[in-house]
Amino acid sequence: MTIEYQETAKDLLTRIDIHQKYGARDIDQWMIELLQPSPGDVILDVGCGAGKQCFLYWEKTAGKASITGGDISQELLEKARAENARRGASIRFMELDFNQPFPFAAEQFDLVSCSFAIYYAGDIPFTLREMHRVLKTGGRLFTTGPMPENKKVFYDIIRAASGKPIPPMPGSSRYASLILNTMRDLFRQVEVHIFENPLTFETVEPFLEYTRASLSEDRKLWKPLFQSKQEFENLMQAIEREARAWIAREGKIVMTKVVGGFIATK
């Protein structure tokens, strides 16, 4: 199964910024509290994007962990390397395609993480086997992804605006089923942790900014709703009308992110 998706820096950073401004909880703090990476750990972050998670590990371990971040996007890797240089950090950023064999020997890492990316893998069992292979015995794999009830209001507004069903999303349709079940088959223990973060929009503009960033980059996933740029703009206008009506009726839009954090131990 091929998932046609590649995050761009602009859309990714837009969504991260909105999560931080309008969310009630900090997912970074939640992840670090769950994982507690230690100085001396050897860590691989798969689908590292612009390096956000790698820098969290670096800060938590006071720069004393060996951290590698891998991604297929050169645009995002360039941003990660620039931030690495700005901080004076020693994180290694490299091109890594999780649909191909990992360029590492077996049993190298204490922690492998993959945040909001694993569900775009073409062959989930293959990618998870590679993650399992490069982990040391007793090492942990940590993944995050959307649960089926994630962003219900977001999808309700789009469904009402378009008059069409929401296409299956790679995350919510695969993460708590295929991915979790495969992890349970491969690893000796899997813990499931749930993070809920309500984003509250009292005006329509930030909700529309979030929606535009999401739909614009995910356009290949949303083909049943729009094909051309004009169809996209028409849909955004319909979403704006629906969102304004929602705020007029409810006083605000509360969009709850429901994220599963799976910790698998080898």
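Worth pointing out:
- Among the criteria (1) modelled with pLDDT of 90 or more; (2) over 19 Å from LYS136 (Cβ atoms), the one LEU12 does not fulfil is (1).
- Scanning the stretch 201-218 for residues that are surrounded by 14 or more Cβ atoms within 10 Å (Cβ to Cβ) and either acidic (Asp, Glu) or part of a strand (DSSP E or B) (or both) yields PHE201, GLU209, GLU217, ASP218.
- Boolean, LYS164 is surrounded by 16 or more Cβ atoms within 10 Å (Cβ to Cβ), touching a residue at least 12 places away in the same chain (Cβ under 8 Å) and either under 20 Å from PHE226 (Cβ atoms) or in contact with a Leu (Cβ under 6 Å, 6 or more places away or on another chain) (or both): no
- Once the stretch 219-266 is narrowed to residues that are among the polar types (S, T, N, Q) and not in a helix (DSSP H, G or I), the residue that is surrounded by the fewest Cβ atoms within 10 Å (Cβ to Cβ) is SER228.
- Matching residues, the stretch 22-58, being among the β-branched types (Val, Ile, Thr) and either free of Cβ contacts under 8 Å to residues at least 24 places away in the same chain or over 21 Å from VAL134 (Cβ atoms) (or both): ILE27, ILE32
The values are calculated or read from the model by the stated rules, or taken from the named source; none is laboratory data. Given the structure is predicted, the values throughout are model-derived calculations rather than measurements. Counting neighbours? That spans all protein chains shown, and the Cβs are built from the backbone with ideal geometry, glycine included.
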